[in-house]
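*Asks:* Sharing a structure, written as structure tokens. Questions coming.
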Amino acid sequence: MEDNRFLSNEAGTSEGQYENRLRPVDFTEYIGQKKVVDNIMVMVQSANIRSQAMDHCLLSGPPGLGKTSLAMLIAQQLGSELHIISGPAIEKKGDLAAILTNLQPRDVLFIDEIHRMHISVEEILYSAMEDYRLDIVIGQGPSARTMQIEVAPFTLIGATTKSGLLSNPLRTRFMGNLHFDYYQTEELARIIGLNAKKLNVKIETEAQALMAECSRGTPRIANRVLRRVRDFALVEGVDLISLDQVNKSLELMEIDLHGLDRMDRKILQVIQDYYGGGPVGIEALCATLGEDRSTIEDVFEPYLLKEGFLLRTPRGRELSDKGMKHISSH
């Protein structure tokens, strides 16, 4: 029997149902990331012509940009089943071996946060990816022996927000190495417009553009803002969402016109008030904020750095002129 402890269908929760409802249903609905999608379409078409498993593919980039959605489309276009697991959830070699041996020919295995898999578990993938077999060592010392187990030809799609943390042996086994970039405002506006129709929501063009500008270049955030604005409009009893409704919703969510939320502004404010604008070391900053280092570095810093509010120097973090102006205006 298949070990389902690590497989996610996302449809088990209301949040997952909404996420899936707003995901693109085919490549024509997948907006943005043109180079990535073009490469994937060629790989999918080639696999279908050959009637073989698609080559393994690594998708890297910040969270919320559509890596899982793309994996779902790949499986759909291949006519295969998609298995979703998370790298940190696989704690033992046997866990991964159980998943691999239950895959059917041409199935797609999507491992999110693949950079967080333990190296001993990761080693199981090497022979599975190259030769479609598992090399299992049984016993220890002089009596140890290797047992080989065949697995069905499958496609591994790895998703990572930190491709630099992947070991070289694993990275080189991916035939496709594709990077996701932040979305342009126009692309986000199109995504919001498309998903508004799925939610039976009508939005003015200007309101749609404002929501896109405040979405930090990330479709996941755009969808979250869209749903919150939809809730606000329902409570207000309006049929057409206007600029005024969006502004009220953003104020309620504490999101400003640059897409910065309360925590983003708190980071900038702490650097200004406690450290004179910086530089300040990351450990000192985290201690002052009372936040975990990985949360600051992975969730908040990337956007602040990308938009030029924050500078990362050898001596630590410091505010840019733009960051100082933003703080003074609030």
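Derivation of every value follows stated rules applied to the coordinates shown; laboratory data play no part. Quantities reported herein were computed from a predicted structural model and do not represent experimental measurements. Using ideal geometry, Cβ is built from the backbone for each residue, glycine included, and neighbour counts are taken over all protein chains shown.
*Asks:* From the phi angles alone, apply the Karplus equation (6.51, -1.76, 1.60; θ = phi - 60°) to the range 111-121 and give each ³J(HN,Hα) in whole Hz, x where the residue is Gly or Pro.
*Replies:* Coupling constants for the range 111-121: 10, 7, 6, 5, 5, 9, 6, 5, 4, 5, 6 Hz.
*Asks:* Continuing with this model, one more query. Mean separation of Cα pairs under 8 Å and 6+ residues apart, divided by the residue count of the range 262-328: what relative contact order is that in percent?
*Replies:* 39
*Asks:* Which of the lysines could be linked to K325 by a straight reach, that is with a Cα gap under 22 Å, when you skip same-chain ones fewer than 8 residues away?
*Replies:* K266, K306
*Asks:* Report, in deg cm²/dmol and to the nearest 500, the calculated mean residue ellipticity at 222 nm for the chain, where each DSSP H run with n ≥ 4 adds -39500 (n - 2.57) and the sum is divided by the residue count.
*Replies:* Result for the chain, helices only: -14000 deg cm²/dmol.
*Asks:* Going by amide H atoms built from the backbone, whose H comes under 5 Å of the H on L134, apart from near neighbours?
*Replies:* I149, E150, V151
*Asks:* Return an integer: the convex hull volume of the alpha-carbon atoms of the range 199-330, in Å³ per residue.
*Replies:* 111
*Asks:* Related question: Among 246-259, 162-175, how do they line up by average Cβ neighbours within 10 Å per residue, starting with the highest?
*Replies:* The peptides rank, most packed first, as 246-259, 162-175.
*Asks:* Show me, for the range 173-186, the HN-Hα J-couplings you get by feeding each phi into the Karplus relation (A = 6.51, B = -1.76, C = 1.60, θ = phi - 60°), rounded to Hz, glycine and proline as x.
*Replies:* 8, 8, 6, x, 10, 10, 10, 8, 9, 4, 7, 6, 4, 5
*Asks:* Something else now. I need the shape label for the chain. Rule: rounded when a/c is under 1.5, else prolate if a/b > b/c, else oblate, with a, b, c from the alpha carbon gyration tensor.
*Replies:* Note, shape of the chain comes out oblate.
*Asks:* Per the Kirkwood treatment, what hydrodynamic radius in Å, one decimal, follows for the range 14-179 from the mean inverse distance over all distinct Cα pairs?
*Replies:* After inverting the mean inverse Cα-Cα distance, the result is 16.6 Å.
*Asks:* A further question on this structure: For the pairs K248/K322; K34/K67; K67/K162; K67/K202, flag any whose C-alpha to C-alpha distance is greater than 18 Å.
*Replies:* K248/K322; K67/K202
*Asks:* Below 8 Å, C-alpha to C-alpha, sequence gap of six or more: please give me the relative contact order for the range 20-115 in percent.
*Replies:* Result for the range 20-115 is 28 percent.
*Asks:* Let me ask you something else. If amide hydrogens are placed 1.01 Å from N in the peptide plane, which non-local residues have theirs closer than 5 Å to the one on N177?
*Replies:* L58
*Asks:* Nearest-5 percent of antiparallel DSSP beta bridges in the chain?
*Replies:* 35
*Asks:* Whole-Hz ³J(HN,Hα) for each residue in the range 239-244, computed from phi via Karplus 6.51 cos²θ - 1.76 cosθ + 1.60 with θ = phi - 60°, x for glycine and proline: what do you get?
*Replies:* 8, 10, 6, 9, 4, 5
*Asks:* Between R265, R293, R106, where does the largest GNM mean-square fluctuation fall for the chain, given springs only between Cα atoms within less than 10 Å?
*Replies:* Residue with maximal mean-square fluctuation among R265, R293, R106: R293.
*Asks:* If packing is taken as the average count of other Cβ atoms within 10 Å, what order do 110-118, 298-306 fall into, highest mean first?
*Replies:* Result, highest mean Cβ count within 10 Å first: 110-118, 298-306.
*Asks:* Averaging sequence separations of C-alpha pairs under 8 Å and six or more residues apart, then dividing by the length of the range 185-253, give the relative contact order as a whole percent.
*Replies:* Reported relative contact order: 37 percent.
*Asks:* With a/c under 1.5 counting as rounded, go ahead and sort the range 262-328 into rounded, prolate or oblate using the C-alpha gyration tensor (a ≥ b ≥ c being the square roots of the eigenvalues; past the cut-off, prolate if a/b is larger than b/c, else oblate).
*Replies:* Rounded, since a/c falls under 1.5.
*Asks:* If you take the square roots of the eigenvalues of the alpha-carbon gyration tensor of the range 185-253 and sort them as a ≥ b ≥ c, do you get rounded (a/c under 1.5), prolate (a/b over b/c) or oblate?
*Replies:* prolate
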